[in-house]
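Before any comments, here is the structure.
Only the coordinates and a few stated rules stand behind these numbers; no lab work does. Keep in mind it's a predicted model, so treat the numbers as computed, not measured. No Cβ is skipped: glycine too gets one built from the backbone with ideal geometry, and neighbour counts run over all protein chains shown.
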Amino acid sequence: MKVRVLGCSGAIAKDCRTTSFLIDGDVLIDAGTGVGDLTLVEMSGIDHVFLTHSHLDHIAALPLMVDAVASQRTVPLQIHALAGTIATLKTHVFNDLIWPDFSRIPTRQAPLINFQELAVGQCVQLAGKQIEPLPAVHTVPAVGYAVSAGKGAWVFSGDTERNPAFWQRINQLDVAMLIIETAFSSRETAVALRSLHLSPAVLADELRGIAKGKCYPIYITHTKPAETELIMSEVMRFDQTQAFGPGVSHDIRRLAAGQEFDL
């Protein structure tokens, strides 16, 4: 299974793309602005989009991508998401005001997109991959995802704050790598709490949820461009200050657009 990071920034700026991951060329996890770097051929090869939630930085490219490859598709694009996320997309995006309702274009019988409702813990099997929505705690209905193809799982937290249920579930999995958001620096911990995002100070507490004996690379995502260097410097101090206790350390890295992982 190959995972390609299209975007992993918490906002836009030069060379910053918002959240999107391409898996094996046919599955998209979130559809942020990073999708815009794909060729038309690459976009037309995507048959399934799994959304974590409805916020703009995670869906911005979705309506534009559907339009871009409409003439090249022969089957509807399947959009998988929570019921609340689908309702938001239908009401506020694909509503014939902000963007055409592609769920009934060109016809209701043969639309360009289909919505597929999913729930936390409901595994979807696709072309040898298993995709499981994971619990998330955010200001709108949200999930993370665990994706595997018979080996260790690629795990993405999605946008979330403190989330015991997430750790409980991934401690049951064979995790190959974890991508976890840290949107704000520690000086913005109060803002992070109000917006239900993580800051380095809270992330340190969250990582204590990893079961004893579990060790895998942890990649930091969704940092705000203006604070990325500060956030990463704060995160990297965890082990130096023995934040997790003597002898406890984690393999913490910075995620970057353009990275590819073979799992």
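One table, with the values for the structure above:
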read-out: Descending semi-axes in whole angstrom, ellipsoid equivalent of the chain, from the Cα gyration tensor; value: 32, 19, 17
read-out: Positive minus negative residues near Pro63 (Lys, Arg vs Asp, Glu; Cβ under 15 Å); value: -2
read-out: Low-density loop positions, trypsin sites (Lys or Arg not before Pro), region 37-109 - DSSP coil, at most 14 other Cβ in 10 Å; value: Arg108
read-out: Helix 83-92 vs. the chain, principal-axis angle (Cα, 0 to 90°, nearest 10); value: 60 degrees
read-out: Simple spin-label estimate for Lys14 and Thr74 in nanometres, 7 Å along Cα-Cβ; value: 4.4 nm
read-out: Farthest positive-ward along the chain dipole, Cα basis, beta-carbon charges - from Pro76, Gly150, Ser20; value: Gly150
read-out: Proxy reagent accessibility, fewest Cβ within 10 Å first, across Ser103, Ser157, Ser249; value: Ser249, Ser103, Ser157
read-out: Euclidean distance of C-alpha centroids, region 118-137 and region 181-229, integer Å; value: 23 Å
read-out: Net +/- balance of residues flanking Asp24 in space, Cβ distance below 11 Å, scoring K and R +1, D and E -1; value: 0
read-out: Helix axis angle, 228-240 relative to the chain longest principal axis, alpha carbon, degrees; value: 40 degrees
read-out: Dimensionless Rg/Rh of region 119-255 - Kirkwood Rh, Rg from C-alpha atoms; value: 0.96
read-out: Surrounding net charge for Ala81, when Lys and Arg each add one and Asp and Glu each subtract one, Cβ distance under 13 Å; value: -1
